Amino acid sequence: MVSLSKTTTEVFKDSKICKLVIISCFISCLIFISSFSSNSLFAQENSDCMECHADPAEVASKVRVDHVTGEVEIVTMVVDEEEYHASAHGGEDFYCIDCHSDLEDSEGEHYPNLQPVDCVTFCHDDPAATFLEGSHASLMQEKGVQLPTCKYCHTGQKSKMNTPRADNLEHRGDTIEKCGGCHEKYYRSYRNNLHGQVTAMGYVGLDIATCVDCHGQHTILNSADPESTLGPEKAKETCGKCHPGAGNSFVKHVAHPAYKDVGYYKSALIALKNIRKDPAEIKSIVKSPQTLLTVLFVAYVGLLVVTFAQFGTHMLLSWLGSILDDRKENKSDHG
Ligand code: HEC
Ligand code: HEC
Ligand code: HEC
Ligand code: HEC
Ligand code: HEC
Ligand code: HEC
């Protein structure tokens, strides 16, 4: 201890070293002060932004062109604090300038048009990769369909900035519409199934299946692929999340009933016509659980039609009969 302090004082007695220390102190002080005078000290707190953006007297609505779709939209510049704080990024750890990074060094008033927020580069390159490089995205590209952006699927009710959490019920309902917007046929058949009917009634809790609960979120594969969430083995797990003990026969349940789809009957007719040329086609149709469902549906509708036809004919005949009777009575009254 003693010897150490001795050496330290000895060192400071050495004027060269002393000068060096003083100079380096001075330089670091300069750097410190200059960093204070730069804008970074005034890097805006959320409250600075909100001074204008919470106040309808300061900011109004604005007409803006979406940089991806080219759609003209009217957006309010007033930030809904309640929705923002309930959103996935509304916690204390997020700053407005994390996302609106072109305002990082600005202060107070700013130029009117900012860069669109980039979800991928700094924060979400992982989920972006599973989506952008996944087979679903490449299938879309093959079909010439423009890829939906992150903000398209992860949008808030009042503003795109309010990225909803996965358990946000409105968002769950919205996701069904988003998937359904590109998959109309499957959307319609989903709505003919119990899951789709319950969600159509407005119940979209985490315990009822939306498209993504069965098909997956970013990694969406064809149900025939063993790796798919609906592959023969994995389906038991996927359905099992909500139907404990789901077994081989349970997962054969028809999630997309086709009995109201004219195309289904057409393809069955074509297969029937080609029965000699391609017997495998009709076999696979007969084997599919879809067919049993369709037969039941047709039989049910048939029964209804026959019953009502009989009932209707009965009513019609008795009505005609009563008119005839009336006429006869009238005639005999006058005669
Ligand atoms: C002095 C008031 C004021 C402050 C402070 C302010 N803004 Fe703004 N901001 C505005 C006004 C006014 C507009 C609308 C501009 C227009 O009409 O084109 C706007 C527009 C915006 C837009 C939309 C830009 C676009 O391209 O359409 C964003 C995003 C934004 N502000 C974010 C912020 C953030 C983040 C902060 C804090 C770092 C902030 N603002 C601080 C007044 C302010
Ligand atoms: C997680 C990222 C994120 C954070 C944090 C964030 N925003 Fe945004 N903000 C967005 C996105 C995304 C948009 C939609 C426009 C776009 O794509 O650039 C947006 C749009 C806006 C707009 C334009 C209105 C609209 O609906 O398009 C304003 C104003 C705005 N933000 C202000 C703020 C303020 C103030 C804060 C801090 C309290 C903030 N933002 C925090 C991502 C964010
Ligand atoms: C076709 C719709 C769709 C698109 C496009 C999409 N996502 Fe998702 N993403 C989902 C769904 C559905 C979930 C499940 C949770 C939820 O609903 O919020 C999810 C979950 C997430 C999650 C949370 C779970 C995780 O994997 O960490 C993040 C982060 C995410 N997405 C980021 C992105 C980014 C970044 C992009 C753009 C490259 C993107 N998403 C594009 C539908 C989409
Ligand atoms: C922008 C349009 C678009 C959106 C949004 C979209 N898809 Fe697709 N999807 C496609 C296209 C295009 C294909 C290629 C096959 C086809 O034409 O049906 C496809 C294929 C699929 C397939 C079959 C994959 C295969 O390998 O055969 C499934 C399952 C699927 N999508 C489910 C979903 C789900 C679930 C969502 C919502 C999270 C969704 N899609 C959102 C356009 C879209
Ligand atoms: C209960 C689980 C479940 C739900 C919910 C569900 N699907 Fe499916 N989906 C399936 C199964 C199982 C198949 C394969 C058998 C078939 O075609 O009926 C399938 C097939 C598909 C296919 C054909 C490609 C393939 O992978 O076989 C598309 C596209 C598709 N679904 C889209 C959707 C969309 C869009 C929604 C929401 C509107 C949705 N699905 C909801 C279970 C589901
Ligand atoms: C996110 C949860 C969830 C997932 C995943 C899910 N279901 Fe369901 N399913 C429900 C709910 C909720 C009902 C209606 C309430 C009930 O079961 O009585 C239902 C009803 C059903 C019914 C009607 C008969 C019954 O038990 O009432 C069948 C059959 C069914 N689901 C099959 C499946 C199959 C097959 C899968 C997988 C491809 C699947 N479900 C995935 C939640 C789910």
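Please determine, by comparing only the residues of segment 241-264 that are touching a residue at least 24 places away in the same chain (Cβ under 8 Å) and in a helix (DSSP H, G or I), which one is farthest from ligand 4 (Cβ to nearest atom).
LYS252
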Please determine whether any residue of segment 226-233 is at pLDDT below 95, of a type in the set (S, T, N, Q) and either assigned to a loop (DSSP other than H, G, I, E, B) or closer than 23 Å to HIS124 by Cα (or both). no
Among (1) assigned by TED's automatic domain parsing to the domain that holds ASP66; (2) more than 17 Å from THR219 (Cα to Cα) - the single one ASP126 does not satisfy: (2)
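Could you tell me which of the residues HIS85, HIS110, HIS89 is more than 16 Å from ligand 6 (Cβ to nearest atom) and not in a loop (DSSP other than H, G, I, E, B)?
Exactly one of HIS85, HIS110, HIS89 is more than 16 Å from ligand 6 (Cβ to nearest atom) and not in a loop (DSSP other than H, G, I, E, B), namely HIS85.
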Looking at segment 113-122, is at least one residue of a type outside the set (Val, Ile, Thr), touching a residue at least 24 places away in the same chain (Cβ under 8 Å), in a helix (DSSP H, G or I) and buried (at least 16 other Cβ atoms within 10 Å of the Cβ)? no
Mind checking which pairs have a first residue in segment 152-164 that is closer than 16 Å to HIS100 by Cα and a second that is of a type in the set (A, V, I, L, M) and in a loop (DSSP other than H, G, I, E, B), Cβ under 6 Å, 6 or more apart or different chains? THR163/ALA88
When restricted to ASP14, ASP66, ASP55, the only residue outside the structural domain of HIS100 (by TED's automatic domain parsing) and at pLDDT 50 or above is ASP14
Name every residue in segment 133-151 that is in a helix (DSSP H, G or I) and over 26 Å from CYS96 (Cβ atoms), in order of residue number. SER135, HIS136, ALA137, SER138, LEU139, MET140, GLN141, GLU142
If you check VAL120, VAL145, which single one turns out to be of a type in the set (A, V, I, L, M) and not assigned by TED's automatic domain parsing to the domain that holds GLU73? VAL145
Hey, can you tell me all the residues within segment 172-192 that are crowded, with 16+ Cβ neighbours inside 10 Å and not in a helix (DSSP H, G or I)? ASN192
Looking at segment 53-67, which of the residues that are surrounded by 13 or more Cβ atoms within 10 Å (Cβ to Cβ) and in contact (Cβ under 8 Å) with a residue 12 or more places away in the chain is farthest from ligand 6 (Cβ to nearest atom)? VAL59
So if I check each of PRO244, PRO257, PRO279, which one is more than 18 Å from ARG188 (Cα to Cα) and either modelled with pLDDT under 95 or surrounded by 11 or more Cβ atoms within 10 Å (Cβ to Cβ) (or both)? PRO279
Of all residues in segment 45-82, which are of a type in the set (Asp, Glu), assigned to a helix (DSSP H, G or I) and within 11 Å of ligand 1 (Cβ to nearest atom)? ASP48, GLU51
Name the single residue, out of those in segment 197-240 being among the hydroxyl-bearing types (Ser, Thr, Tyr) and within 12 Å of ligand 4 (Cβ to nearest atom), that is farthest from ALA129 (Cα to Cα). THR210
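The values are calculated or read from the model by the stated rules, or taken from the named source; none is laboratory data. Quick caveat, the model's predicted, so the values are computed rather than measured. Because the Cβ atoms are built from the backbone with ideal geometry, glycine has one as well, and the counts that use them run over all protein chains shown.
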